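Written below as structure tokens is the structure these notes are about.
The values are calculated or read from the model by the stated rules, or taken from the named source; none is laboratory data. All values derive from a computational prediction rather than experimental measurement. Glycine gets a Cβ as well: all are built from the backbone with ideal geometry, and neighbour counts include every protein chain shown. Each accessible area value is taken on the protein alone, full model and side chains, heavy atoms only, with ligands, DNA and RNA left out. Shrake-Rupley method; radii C 1.70, N 1.55, O 1.52, S 1.80 Å.
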Amino acid sequence: MKTNRKMFGLMATLCAVGLALPPRAAAQVSEADFNALKATVQALSDQVHSLQQTNVLEQQTHEQDVEQLQQLREKLAETQQIATNTEQKIVEAAQTQPIPREPIDEATVNHNFMMMGDAEFQYDKVAGQHGTFYQADFAPIFLYRSGDNILFEAGFDTTLQNNAPNSPGYTTTFNMSFAQMDYVMNDYMTLAVGDLLLPLGTYSQRGAGWLNQVPDDPLAVDALIPGSGVGAELEGAVPVGNDGAFANYAVYGVNGPSSADGFGNVSSLDLGGNVGSRSDGVTANLHSDPSGGARLGVFLPLPFKPRYDLELGISGQSGEWDDAGTHLWSAGVLDAALHLGPDFEAKGEYIMTRFGSDDVGQVTQQGWYAQASYKLAGLNLNLPVINNLELVGRYDSVIDGLGTVTERYTAGYIYFITNTLLFEGDYESVHSVGPAALPPNQVILQLSLGF
């Protein structure tokens, strides 16, 4: 259309030139003017011819474009039909045939399996005894993740001990400290089954190995409550408000403490031996009813500065312990932890237990510990040795209800060689009276590796 308009314009120009010439001018036109007019007409003719050719080329290009567009539409229709047929075949195949189980890729298995843990090597000097080097513990923890919500974890403790007197050599002790399978039901609840780390306080679950700032456990934790139990547990946390506070909980049932010899005497109480399989091969609880327990805690961010927080918790457990089912064993624990920035931590627990017995009657035991630590890096002195030191102090006590009272004061340090390699040392002053009194003091040097 553009080319046709140009041609009509040229024709109109020629007509206008012809009409502009008067009839009698023909006789007066010179040869030069005639030749100039002839050249002009010839140029206009050539331009018309060129425009005609351009119009033909544009028409051909347009036809080619239309043809290519039609071909693309046909190919698109064919591709859509193939995709529809393929999708329909996949759906039909899925409905008629089960999806074959593919072998697990080795890289995936390695990614989902981890080994962590710690190892401790000590030098101990107990009052009244010779100082000694001591392989305190090698405690690997195996973690396996099977999918998004199925987890398995197991921890072991390996120690060395001399054989009995007059017997050469040594014995390697390899014990399973816990093994549990976790099923994450939703964001707020997890089901755990197996040999569980019991939430009686927080020390048993959070103070293992090199994570604890003092090489040995608090007296009351070791003497008064079980560290683990075989059973099932529901645990989780629920946010409270919008400032980062939350409540954490645990409810569990386990076999519970039992009698080591079948009797109900005080010396028969065994806090950790009732695992469901008796020494004669029979699978049974050692008493008729299991124990039940729970913990409720609250975590509160403090409004002063970041990483200032307070956690408070209360927990307890109760159930039969003797084979006859006539005596209960019960425990209650209060725990607290305070953080004032990344450098200061204070924590403690109060524990009370009560159980009946055939020979002594009702026995009430109690104990507590309070511990504080401070990283000298918080002083901002920029001194290499000082920046790597953490000072630790602890007071702990236990009253066993049978005539022995023990108090212990501990002062020590942690030197961080790296983030996971620690050199620890402490001095323990012990004041103990009664039939089961402890030695008066002890020095411990420990090299700890977490991995």
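Residues in the stretch 128-145 that are open to solvent by less than 50 Å² (accessible area, probe 1.4 Å) and not aliphatic (A, V, I, L, M) were compared, and the one that is nearest to V430 (Cα to Cα) is G131. The conditions of being closer than 30 Å to F246 by Cβ, touching a residue at least 24 places away in the same chain (Cβ under 8 Å), open to solvent by 40 Å² or more (accessible area, probe 1.4 Å) and part of a strand (DSSP E or B) are met by S318. Of all residues in the stretch 270-293, those being in a strand (DSSP E or B) and open to solvent by 40 Å² or more (accessible area, probe 1.4 Å) number 3. Considering the conditions (1) in a strand (DSSP E or B); (2) surrounded by 13 or more Cβ atoms within 10 Å (Cβ to Cβ); (3) hydroxyl-bearing (S, T, Y), T172 is excluded by exactly one of them, (2).
Once the stretch 381-426 is narrowed to residues that are within 30 Å of L224 (Cα to Cα) and among the aromatic types (F, W, Y), the residue that is most open to solvent (accessible area, probe 1.4 Å) is Y409.
Do we find that R278 is within 27 Å of the chain's Cα centre (by Cα), in the same structural domain as Q365 (by TED's automatic domain parsing) and modelled with pLDDT under 90 in this structure? In short, no. Out of curiosity, is G253 without any contact (Cβ under 8 Å) to a residue 60 or more places away in the chain, open to solvent by 50 Å² or more (accessible area, probe 1.4 Å), under 16 Å from P199 (Cα atoms) and touching a Pro at 6+ places or on another chain (Cβ under 9 Å)? Here the answer is no, as G253 does not meet what is asked. Please verify whether A179 is modelled with pLDDT of 85 or more and within 17 Å of the chain's Cα centre (by Cα), treating the condition exactly as stated. Considered against the rule, which asks whether it is modelled with pLDDT of 85 or more and within 17 Å of the chain's Cα centre (by Cα), A179 comes out as no.
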